[in-house]
Amino acid sequence: MIFFIDSANLDEIRTANDLGIIGGVTTNPTLISKELISGRNAILDHYQKICNIVPGDVSAEVISTKFKDIITEGHQLSEVNKKIVVKVPIIEDGLKAIDYFSKNNIKTNCTLVFSASQALLAAKSGATYVSPFMGRIDDWDKKTASSIQILADIKKIFKNYQYKTKILAASIRNQEHIIDCAKIGADVVTASFKLLSSLIKHPLTESGLKKFIQDYKRVN
Ligand code: G3P
């Protein structure tokens, strides 16, 4: 399973990349807005800076919701760098745009996916990635929808029909989500810097290490 970092912050991306555990980056308009970058050129420049840090794919989301505008914006984003994956919401015009991009060899990430049926449509349109929003599914209605069940359904459907679309689990809230994604076989999990950094930690590792160093120093 590949880890992406869900961030537009250059320091976080650099630090996570230096750990050697991430293969790419996902961003969204909210994450971009947190960096207080304004103006189209500055935003495109920021995506270029992200691409310079990481080895793999960098998702950059369109703001447009009409087919023609999504196409124009997607071309603009994909021209920034070969690593750019155009992130498109699963709406009718978005689905058409994904089909267009896939036929024009432009990578896409179909976003705001909350059901297996949406994921199936994304795969049929030729999306490179599909992003089920795990945390938001669970936040929305824990009783009737379970993010893990939806993820398992997507995995089974993609396997049944050998879709090449990769499952990129997003909106990850905790370590349990990450382990469940790994058990089901998600291709990619994107998580915040805070969550990724927490994966390495365990209280017994900290106390064990402290004791090892103390014991060694007692006689050395
Ligand atoms: O980038 C999409 C996704 O990861 C958003 O997560 O935490 O805003 O639900 P969140």
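The values are calculated or read from the model by the stated rules, or taken from the named source; none is laboratory data. Predicted, not measured: the structure shown is a model, and the values here were computed from it. All Cβ positions, even for glycine, are placed from backbone atoms using ideal geometry, and neighbour counts span all protein chains on display. Protein only, heavy atoms only, side chains kept; ligands, DNA and RNA dropped before computing areas. Shrake-Rupley method; radii C 1.70, N 1.55, O 1.52, S 1.80 Å.
Go through (1) open to solvent by 40 Å² or more (accessible area, probe 1.4 Å); (2) within 16 Å of the ligand (Cβ to nearest atom); (3) of a type in the set (Val, Ile, Thr) one by one and return the number of the condition residue 72 breaks.
Answer for residue 72: the failing condition is (2).
When the stretch 8-30 is examined, which residues are found to be in contact with a strand residue (DSSP E or B) (Cβ under 7 Å, 6 or more places away or on another chain) and either part of a strand (DSSP E or B) or closer than 23 Å to residue 166 by Cα (or both)?
Those that are in contact with a strand residue (DSSP E or B) (Cβ under 7 Å, 6 or more places away or on another chain) and either part of a strand (DSSP E or B) or closer than 23 Å to residue 166 by Cα (or both): 13, 16, 21, 22, 23, 24, 25, 26, 27, 28, 29.
Please go through the stretch 125-167 and pick out each residue that is closer than 12 Å to residue 114 by Cβ, part of a helix (DSSP H, G or I) and of a type in the set (A, V, I, L, M).
Residues satisfying the conditions are 134, 137, 150, 151, 154.
Can you give me the number of residues within the stretch 104-132 that are open to solvent by 60 Å² or more (accessible area, probe 1.4 Å), in contact with a Pro (Cβ under 9 Å, 6 or more places away or on another chain) and either closer than 18 Å to residue 70 by Cα or modelled with pLDDT under 95 (or both)?
1
Could you please let me know if residue 196 is in a helix (DSSP H, G or I) and free of Cβ contacts under 8 Å to residues at least 24 places away in the same chain?
So residue 196 does not fit the description; no.
Among the listed residues 194, 217, 166, which satisfies the condition of being surrounded by fewer than 10 Cβ atoms within 10 Å (Cβ to Cβ) and within 16 Å of the ligand (Cβ to nearest atom)?
194
Could you count how many residues in the stretch 24-55 are surrounded by fewer than 16 Cβ atoms within 10 Å (Cβ to Cβ), in contact (Cβ under 8 Å) with a residue 12 or more places away in the chain and within 16 Å of the ligand (Cβ to nearest atom)?
The total comes to 3.
Name the single residue, out of those in the stretch 169-186 being within 15 Å of the ligand (Cβ to nearest atom) and not in a helix (DSSP H, G or I), that is surrounded by the fewest Cβ atoms within 10 Å (Cβ to Cβ).
For the stretch 169-186, the residue satisfying everything is 174.
Out of all the residues in the stretch 56-78, which are in contact (Cβ under 8 Å) with a residue 40 or more places away in the chain and within 14 Å of residue 22 (Cα to Cα)?
Those that are in contact (Cβ under 8 Å) with a residue 40 or more places away in the chain and within 14 Å of residue 22 (Cα to Cα): 56, 57, 59.
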